[in-house]
Amino acid sequence: MSPSLLLRRALPPWLAFALLAAACVTAVILGHDGRRAAQVAMLALPLLLWLRWPVERPRWRRVRAVAVSAGIALFLVDGAVRAWLASQYQATPDSSLVLAAAANTTSREIAEYLSSQAPAMALALGLLLAGLTLTVLAVHAATRGSATLSRPGRIAIVALLALCAVGYLSKPWRRHHPLVFWPAWTQEVAELRHAWSDQQGQRDQLMRNARAASPTVTAAGPSTVVLVLTDSVNRDNMSLYGYTRSTTPQLAALAREESGRLLTLRHAWSVEAGTLASLSGLFSFGERDEDDPAGRAQHLLALARSAGYKIWWMSNHDDVAVDQQHARLADEVEMINRQPGRSSASLDGELLDCLEEALVDPAPRKLVVVHLLGAHPHYRLRMPAGDNPFDDDSDAVDKGMIRAGHPLWLRESRQDYDAAIRYHDGVVAETLRLTRQHAPDGGRGAWMFLSDHGQEVGHSIAHAGHSPGTAAGYRIPTLMWRTGAAFDATTAQRPFRADWAAWTLADLLQLRWTGMHDERNVLDPRYAWEAPRLKAPVARFDQ
Ligand SMILES: [Zn+2]
């Protein structure tokens, strides 16, 4: 006798039925909260009721077994996906964070993700197959035996079905049935991707808005400004900000060397936990969300360009939305990660040659945006293989995480994350050295470095990744350097928000136009801080 037959015989019909019902309820509760869970449970209930309904003819019994198995499997997978998204990103599948990520993900990124998560994926696939097999076996077991049902039993089932019909007739309920929800979700992702695929009209509008504001450069002479925009770097993991692991020795050395000319903003925050939303705010002076039409909004690159700056955008990202919304406003666009046939992840250091080429370009006014992958998951891919200085012995950081009860996998993630930041330190420091070396004679040079958002790697919860729900998702580094006079020492203690960064960049670019908000420029004496409203609880922004 085969094991599956044995299992089917050993499982009494009532127990098989109870197990299926319990699995459905668990999946629904894991995937939805409160009233929604009750509504979705009503949508799943007819499948279970069908199993209790007497069916005589063998052919119909087979049809029922297949349909009910598939239906229940759908609810189980739906619940598992939703629970996974909630635990990893505190987000539902139809949130803008998840929709944007899905629309923006390339096949290369999917391959990168799967290969870096191979053991976890194999486990998940194994569990999925086991779950589906058990579902099919349980459906068979639940319908075994004589097909009879008492009259009160039939009445009860018909009454319950009538109740479920309410759920199927109501559109807001029905929407959450996996068979309705996921096709609609796929459609939404495709529409978003299509909307991003050509934003030439939006960019033309931004250029018109910029020209209408007639921006000018206030100082004579050449000017070079480099903006280094990184990804997923939490300042709490930089020794420059007091972290005990030596993750940023090169930036720390530059800070000593340059003293007052290199400014470290101690209390810098992003106001968004994802790249797209963060960059939209940053380049629009805090005015635009990621999918707002251009309207009358300004874009820093459009303003700089219409004031006479030549603009470069060089990137290690392969990202349709960033490319369309920002990069293509530049004169020169270089996406080193989009070269066909490249199978391995490219490292941020590969952008340094591009940066130097731009810095020696004869244009008198230059703005160079360098978009790094930084410490974006998966951390191990953000540094040369085998280059982890923190994975040997247990140090103070590791001991602190053990005391906080964090599991081994999270401590290892932290080691990888810190090693990625240490590799990144060398790249960022080199961008500053290059900017300094190529600062124009008789003109001004400036450099700004910040991260689009932070990262949670066991800082407050047992999670590694983007984190809209905790402060670590928003704690970013922000550094500035410029030729000429030193920065005012008190500026370092001012709280800073990334969606206002363009006001400060406009200062470094020496731009002026009508309608400026100098009180949002952290370098301006009139700076007036306003605390942003974050999705995570933050008691104080000055620490
Ligand atoms: Zn990001």
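None of the figures in this text is laboratory data; all of them are computed from the coordinates on show. Given the structure is predicted, the values throughout are model-derived calculations rather than measurements. Cβ coordinates were reconstructed from backbone atoms using ideal geometry, including for glycine residues, and neighbour counts include every protein chain displayed.
Need the full-extension length gain, Ile402 to Arg211, defined as separation in residues times 0.36 nm minus the C-alpha distance. One decimal, nm.
Answer, rounded to one decimal: 63.1 nm.
Any idea what the dipole of the chain comes to, in debye rounded to 20, about its Cα centre with Lys/Arg Cβ at +1 and Asp/Glu Cβ at -1? Don't skip to the end; give the middle numbers.
Details: 56 positive and 54 negative charges, 595 e Å.
Charge dipole, the chain, about its Cα centre: 2860 debye, nearest 20.
Mind checking which lysines have their Cα closer than 28 Å to the Cα of Lys366? Skip sequence neighbours fewer than 8 apart in that chain.
List returned: Lys310.
With everything on Cα atoms, drop me the angle between helix 34-52 and the longest principal axis of the chain, reported from 0 to 90° to the nearest 10.
30
Note down the nm distance, to one decimal, between modelled labels 7 Å out along Cα→Cβ at Glu356 and at Asp387.
1.6
Using unit Cβ charges (K, R positive; D, E negative) and no other charged atoms, how large, in debye to the nearest 20, is the dipole of segment 52-169 about its Cα centre?
On the way: 11 positive and 5 negative charges, 192 e Å.
About 920 debye.
Take Leu125, project a point 7 Å from its Cα along the Cβ direction, then tell me which residues of segment 38-81 have their backbone nitrogen under 13 Å from it.
So the set is empty, nothing qualifies.
Each residue of segment 366-383 in order: what ³J(HN,Hα) in whole Hz does its phi give by Karplus 6.51 cos²θ - 1.76 cosθ + 1.60, θ = phi - 60°, with x for Gly and Pro?
In residue order, the calculated couplings are 10, 10, 10, 9, 10, 9, 9, 7, x, 10, 4, x, 9, 3, 4, 7, 9, 8 Hz.
Just going by the charge dipole of segment 150-247, with Lys and Arg at +1 and Asp and Glu at -1 on Cβ, which of Val217, Leu169, Thr230 is farthest out on the positive end?
After comparing all options, I get Leu169.
Give me a comma-separated list of calculated 3J(HN,Hα) values for segment 171-184, in order, Karplus coefficients 6.51, -1.76, 1.60 applied at θ = phi - 60°, integers in Hz, x for any Gly or Pro.
Going residue by residue, I get 4, x, 7, 4, 3, 8, 5, x, 5, 9, 5, 6, x, 5 Hz, with x marking Gly and Pro.
With both bridge residues required to lie in the chain, what share of the DSSP beta bridges run antiparallel, to the nearest 5%?
Details: 14 of 42 bridges.
Looking only at bridges with both residues in the chain, the antiparallel portion is about 35 percent.
Using the Karplus curve 6.51 cos²θ - 1.76 cosθ + 1.60 with θ = phi - 60°, work out ³J(HN,Hα) for each residue of segment 128-138 in order, rounded to whole Hz, and write x for Gly and Pro.
4, 4, 4, x, 5, 4, 4, 4, 4, 5, 5
For His463, list long-range residues whose amide hydrogen, built 1.01 Å from N in the peptide plane, is under 5 Å from its own amide hydrogen.
Here the answer is Gly458, since their amide H atoms fall under 5 Å of that of His463.
Once you have the alpha carbon radius of gyration of the chain, what is it after dividing by 2.2 N^0.38 Å, with N set to its residue count?
1.17
Would you please give the residues with an amide H less than 5 Å from that of Thr230, counting only those at least 5 places away or on a separate chain, with H modeled from the backbone geometry?
Leu372, Leu450, Ser451, Asp452
How far apart, in nm, are the 7 Å Cα→Cβ label points at Thr244 and Val166?
5.8
Return the long-range amide H neighbours of Leu263 (sequence gap of 5 or more, or a different chain), with a cut-off of under 5 Å between placed amide H atoms.
Long-range HN contacts for Leu263: Met480, Trp481.
Work out the FRET efficiency for Asp289 and Leu15 from their Cβ-Cβ distance, taking R0 = 51 Å, and round it to the nearest 0.05.
Details: r = 52 Å, r/R0 = 1.01.
Calculated value: 0.50.
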